[in-house]
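Engineer: I am attaching a structure below and will ask some questions about it afterwards.
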Amino acid sequence: MATSVNKILVPLDNSKNSFRGLSSAIYLAKNCDAKIIALHAVYAPPKGDFDTSGKFNKNHKKQLDSMMDIAENQCEKAGVAFDQKIVYGNPGYEIAKFANTSRNKIDMVVIGSRGRSSAKELFFGSTSQFVLHKSKPSVLIIK
């Protein structure tokens, strides 16, 4: 039995691979008549590490707005519905949490892999791997 895909979550971090993920998600969304939700997770360390108050400077805001504008324009050109969300915290955790929250109704996550070496992944982990293992919806990792 085929599963319908109505909402595709695409985490964006302004890397080439996250935009490759967006391109693949646009292709899938066109074929499934689905909507794309672009999600950016702003890293915010746990309170007590050092105080950032969950805020970021104007330069970060400009970069974030530019990234989301590019994503929205790509979706618009392809005729795909688009929405954007910003969350604060650990990116892997926040992406999986957003995908797993039933009110968001996410059917699939399409995430770009940053292509870290296996040694770095051993020490730092991988956001895409974390999302793959913790998300309830299907996850497609794009290299």
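Engineer: Restricting attention to helices (runs of 4 or more DSSP H) lying wholly within segment 81-135, give those where 2 or more residues are among the small types (Gly, Ala, Ser) and at pLDDT 95 or above.
Structural biologist: It comes to 91-100.
Engineer: Another question, if that's okay. In segment 3-12, which residue that is among the hydrophobic types (A, V, I, L, M, F, W, C) and assigned to a loop (DSSP other than H, G, I, E, B) is nearest to GLY92 (Cα to Cα)?
Structural biologist: Among residues in segment 3-12 that are among the hydrophobic types (A, V, I, L, M, F, W, C) and assigned to a loop (DSSP other than H, G, I, E, B), the one nearest to GLY92 (Cα to Cα) is LEU12.
Engineer: Further question: For GLY48, all conditions in the list (1) assigned to a helix (DSSP H, G or I); (2) modelled with pLDDT under 90 hold save one; what is the number of the exception?
Structural biologist: (1)
Engineer: Working only within segment 13-39, note down all residues that are at pLDDT 95 or above, closer than 16 Å to ILE95 by Cβ and touching a helix residue (DSSP H, G or I) at 6+ places or on another chain (Cβ under 7 Å).
Structural biologist: Result: LEU22, ILE36, ALA38, LEU39.
Engineer: If I filter segment 84-103 down to residues being of a type in the set (A, V, I, L, M) and surrounded by 20 or more Cβ atoms within 10 Å (Cβ to Cβ), which single residue comes out as farthest from SER126 (Cα to Cα)?
Structural biologist: Among them, the one singled out is ALA99.
The values are calculated or read from the model by the stated rules, or taken from the named source; none is laboratory data. Given the structure is predicted, the values throughout are model-derived calculations rather than measurements. FYI the Cβ positions are ideal-geometry reconstructions off the backbone, even for glycines, and counts take in every protein chain you see.
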